[in-house]
Amino acid sequence: MRKAKAPTSRRADIQHLHQSYASGQPLLPARALLSFLHREQMETTANEETAESLIDRYEIEETARESRSMTFEGFFRYMESKDCCVFNQAHASVYQHMEKPLSSYFISSSHNTYLTGDQIVGKSHLDAYVGALRKGCRCLEIDCWDGPDMEPVVYHGYTLTTKILFKDVVATVEQHAFGVSAYPVILSLENHCSVEQQEVMAAYLVSILGEKLLSSPLDPATTGDLPSPNDLMYKILIKNKKLKDHAQAESASGTEAEESVDDVEDEEEEEEDNDEDEEEEERQTKAKFWPHRKAVAKTKHKKKVAVAEALSDLVVYTRSVKFISFTHSKDNQNLYENTSMAEKKARKLAKASGADFVQHNQRFLSRIYPAGSRTSSTNYNPQEFWNVGSQLVALNFQSLGLSMDLNDGRFQDNGGCGYVLKPAVLMSSQETFDPSCGQHGPNSTHLLLKMISGSNLPISRSGKPLDSFVRVEIHGIPSDSRKKTTHTVKNNSLSPHWGSDMNFSLSVPELCLIRFCVREQTGLLSSDFVGQYTLPFTSLKKGYRWVPLRSRDGCSLDPASLFVFVWYP
């Protein structure tokens with residue numbers, strides 16, 4: 001329960017509600033409280049027992065409890081409790097079906113997980129893996145390179161980023177993998193190591209991860225589909241290239257080990273092949289810091305890197321293959337094979353062939369990662385790739401801002417376990433869905449948000465009360481994505497009152513995220529971030545609710561909050 005004393009304006013708003021339903025009397029009877037729950041909070045399943053349980057929980061005055069009534073103070077405690085948070089508390093635990101194939105879920109994923117800063121001179125640190133896992137991340141990236149004394153190292157190749165030992169990364173993952181979530185962790189290897197050091201990697205994975213490592217298919221095997229999160233609880237999967245089996249290798253031209261490897265490029269190479277503009281931009285940027293990078297980039301395409309058999313054997317359900325086309329995948333790709341592509345290529349495909357992309361992601365895992373030209377580790381907006389059903393939408397977790405706010409909002413759902421079931425519109429085999437077409441789904445709706453007031457907002461950097469406003473953002477398919485803003489209340493951090501109504505039409509609400517962002521007006525056209533809160537539309541509670549606020553780094557700003565009214569059919 002939130003214990004901070006609310007400012008006068010919020011108390012006045014809540015007092016008005018109490019008096020309305022108590023008919024001006026000091027006590028609110030259980031039957032009147034039930035009427036409030038039905039009419040204002042839209043809690044249609046509430047009954048008299050529900051009302052009495054709230055009285056037992058929040059009323060401390062003995063005479064009121066005995067008469068099955070609530071004083072204003074008890075009602076106020078209820079209105080400030082998690083029972084009245086805008087986020088549905090039933091979604092703070094795992095509540096979704098976890099027995100569908102992995103391809104049916106959005107999976108919290110990070111890019112360059114080892115980095116704590118930019119991709120040129122930033123530090124690599126084990127704490128970055130710990131932090132990502134504590135945030136519920138379930139797909140971690142490890143960039144592996146040959147190190148001295150046969151010890152593989154992890155860093156961003158051809159840069160000045162610091163190096164950490166591969167074995168230490170694996171030990172850190174083993175220690176923290178299931179501290180927040182019991183569901184499977186995928187280690188996405190960007191593997192640049194020689195065969196000899198890949199064998200060292202494989203030995204570490206086996207010896208350190210032990211029984212947590214999934215090194216063979218489940219027994220009994222699943223019914224032709226990918227296994228489910230439930231099937232893989234407390235397991236760590238290796239995502240890497242894999243040797244072709246003997247039959248495939250014999251039918252392929254040549255018999256050398258290099259030719260028995262899937263013709264898949266490293267993600268960095270793939271990015272350069274797929275996006276010529278980005279390739280030139282990235283090369284020019286990197287050339288400023290390490291002149292030999294351009295020569296390396298030109299020559300590394302000429303050789304294939306063999307995969308060590310010991311490492312190949314550890315790849316089971318997450319085998320990396322090159323994306324050719326949706327038709328090629330439909331005809332040739334196996335369910336246990338997955339593709340990775342840079343954001344620019346994925347964006348082009350989403351715009352040109354959105355429906356095909358959605359259908360592809362119904363069957364296969366696809367990983368999207370930030371462009372190599374994002375040398376300062378900035379992020380794209382992940383919503384555009386969730387819209388086509390991509391599961392592994394990888395972000396730089398160390399880079400704070402809108403993209404990570406959306407990721408945190410998406411994955412606080414379903415108990416923060418890192419797996420969120422994709423909505424039916426993305427999984428239907430009966431109807432085609434193209435997010436770029438602005439079509440109306442079967443669940444299209446109208447959303448009304450009344451931005452009533454704020455409470456205990458942080459003071460400005462200047463030490464003065466804020467000139468604050470609230471911007472509400474809808475992030476969904478392009479036709480649903482909108483922003484609306486309240487007017488600015490000047491010189492009031494304690495209890496700004498906006499009283500603004502905002503109306504939104506949502507054609508595919510089940511894909512939408514709602515972001516409340518409080519900002520300080522600093523000039524005619526300038527403003528500074530104060531706090532925000534993001535949640536899925538599907539976790540939005542109706543009625544009078546308070547919105548907790550979070551700082552730029554995702555930490556609670558309690559007791560800072562907003563007071564709102566939410567309605568939709």
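Side notes on the structure shown:
Okay, residues lined up against (1) at pLDDT 95 or above; (2) open to solvent by 10 Å² or more (accessible area, probe 1.4 Å):
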residue	(1), (2)
Ser188	yes, no
His192	yes, yes
Glu196	yes, yes
Ala202	yes, no
Leu205	yes, no
Ile208	yes, yes
Lys212	yes, yes
Thr222	no, yes
Pro227	yes, no
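- Pair list, Cβ < 6 Å and 6+ apart or interchain, from segment 76-100 residues that are more than 12 Å from Gly416 (Cβ to Cβ) to residues that are surrounded by fewer than 18 Cβ atoms within 10 Å (Cβ to Cβ) and among the polar types (S, T, N, Q): Lys82/Gln89; Met98/Asn230; Glu99/Asn230
- Within segment 448-467, residues that are closer than 10 Å to Phe563 by Cα have Cβ atoms under 6 Å from residues that are of a type in the set (A, V, I, L, M, F, W, C) and modelled with pLDDT under 90 in these pairs: Ser455/Ala6, counting only partners at least 6 apart in sequence or on another chain.
- Spans of helices (runs of 4 or more DSSP H) in segment 59-157 with at least 1 residues closer than 25 Å to Ser561 by Cβ and over 20 Å from the mean Cα position of the chain (by Cα): 72-79
- Of the residues examined, Thr534 is one that is under 30 Å from Arg77 (Cβ atoms) and either out of contact with any Lys or Arg (no Cβ under 7 Å at 6 or more places or on another chain) or touching a residue at least 40 places away in the same chain (Cβ under 8 Å) (or both).
- Here Ser493, Ser479 are screened, and the one residue that is without any contact (Cβ under 8 Å) to a residue 60 or more places away in the chain and open to solvent by 40 Å² or more (accessible area, probe 1.4 Å) is Ser479.
- Of the helices (runs of 4 or more DSSP H) contained entirely in segment 309-373, those carrying at least 1 residues that are among the hydroxyl-bearing types (Ser, Thr, Tyr) and free of Cβ contacts under 8 Å to residues at least 24 places away in the same chain fall at 326-332.
- Looking only at segment 513-569, and only at residues there that are touching a Cys at 6+ places or on another chain (Cβ under 8 Å) and within 23 Å of Ser479 (Cβ to Cβ), the one that is most open to solvent (accessible area, probe 1.4 Å): Phe537
- Any hit, segment 444-452, residues being assigned to a loop (DSSP other than H, G, I, E, B), modelled with pLDDT under 95, open to solvent by 10 Å² or more (accessible area, probe 1.4 Å) and not aliphatic (A, V, I, L, M): yes
- Against the test of being in contact with a helix residue (DSSP H, G or I) (Cβ under 9 Å, 6 or more places away or on another chain) and open to solvent by 50 Å² or more (accessible area, probe 1.4 Å), the options Thr172, Thr162, Thr116 yield a single qualifying residue, Thr116.
- Residue list for segment 403-435, filter: open to solvent by 60 Å² or more (accessible area, probe 1.4 Å) and farther than 18 Å from Phe106 by Cβ: Ser429, Gln430, Glu431, Thr432
- Filter result for the condition that a residue is under 30 Å from Leu335 (Cβ atoms) and at pLDDT 95 or above, over Tyr155, Tyr78, Tyr114: Tyr114
The values are calculated or read from the model by the stated rules, or taken from the named source; none is laboratory data. Since the structure is predicted, the reported quantities are computational estimates derived from the model, not experimental observations. All Cβ positions, glycine included, derive from the backbone under ideal geometry; neighbour counts span all protein chains shown. Surface accessibility is based on the protein's heavy atoms, side chains included, excluding ligands, DNA and RNA. Shrake-Rupley method; radii C 1.70, N 1.55, O 1.52, S 1.80 Å.
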